[in-house]
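Working notes, beginning with the structure itself.
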Amino acid sequence: MTEHKQTKVSPLLQKIVNISSIIGGVATIIFCIWAYFQGILNSKESLSAFILQAGIWGPPLFIFLQILQTVVPIIPGALTSVAGVYIYGHIIGTLYNYIGIVIGCYIIFYLARTYGPGFVQSMVSKKTYDKYIGWLDEGKRFDRFFIFMMIFPISPADFLCMLAGLTKMTYKRYMTIIILCKPFTLVAYTYGLTYIIDLFWGS
């Protein structure tokens, strides 16, 4: 097995990623608490009405948010995906989710391909990096593993997209896999979570 070089991670980049994740997590919690007391989370209709106040800027802002959460783990992806379905409906909401996530996946592949292992290590924990980095030695097997993990609803998908950027996989093959596989994952965990939340809301 090839020994992979542990590229030195930029302390500034690592700090920015860590701070962004913490701020995003705290902001999400604060917003949820505020929204709960404002009655925004009382039903799907109240949540939708609140977000739709953004008017024509709502969809592009939402898609940008999906891109952002894919590139930088500021807000849990499952949360934004479920919100998209509740706000814009199952078909349009899923489409917006899909567009944002696909664009985000392209960006993180590009960043990993451009900046190498140092960038990838700065975005994830050492434990996660060490757990999957061995797949870079597997050649064609990594492609099959990557396809499976992109379809599997519960996987470190964003990290694996960055990991793919460290392989010899072409942009064309990578984007083909993302475009074809992401709908399965997106529909599975989004609709699974909406079902659970609907039970909570009593729908």
- Of the trypsin sites (Lys or Arg not before Pro) in the stretch 135-193, those whose Cβ has at most 12 other Cβ within 10 Å and which sit in DSSP loop: LYS168
- Considering only Cα-Cα distances, which of the following residue pairs are longer than 23 Å: LYS140/LYS172; LYS131/LYS172; LYS131/LYS168? LYS131/LYS172
- At R0 = 30 Å the Cβ-Cβ FRET efficiency linking ILE29 and LEU52, nearest 0.05, sits at 0.80
- Hey, what do the phi angles of the stretch 100-117 turn into as Karplus ³J(HN,Hα) couplings, whole Hz, using 6.51/-1.76/1.60 and θ = phi - 60°, x for Gly and Pro? x, 5, 4, 5, x, 5, 5, 5, 5, 5, 4, 5, 5, 5, 7, 9, x, x
- Message: Suppose R0 equals 30 Å. What FRET efficiency, 1/(1 + (r/R0)^6) with r the Cβ-Cβ distance, do LYS127 and ILE147 give to the nearest 0.05?
- Response: 0.80
- Note on the structure: Expected vector for the stretch 82-94, Karplus 3J(HN,Hα) from phi with 6.51, -1.76, 1.60 and θ = phi - 60°, integer Hz, x for Gly and Pro, equals 5, 4, x, 5, 5, 7, 10, x, 4, 6, 5, x, 5
- Note on the structure: Proxy exposure order for ILE101, ILE29 (fewest C-beta within 10 Å first) is ILE29, ILE101
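Read-outs: derived from the displayed coordinates by stated rules, not from any lab. All values reported here derive from a predicted model rather than from experimental measurement. Glycine gets a Cβ as well: all are built from the backbone with ideal geometry, and neighbour counts include every protein chain shown.
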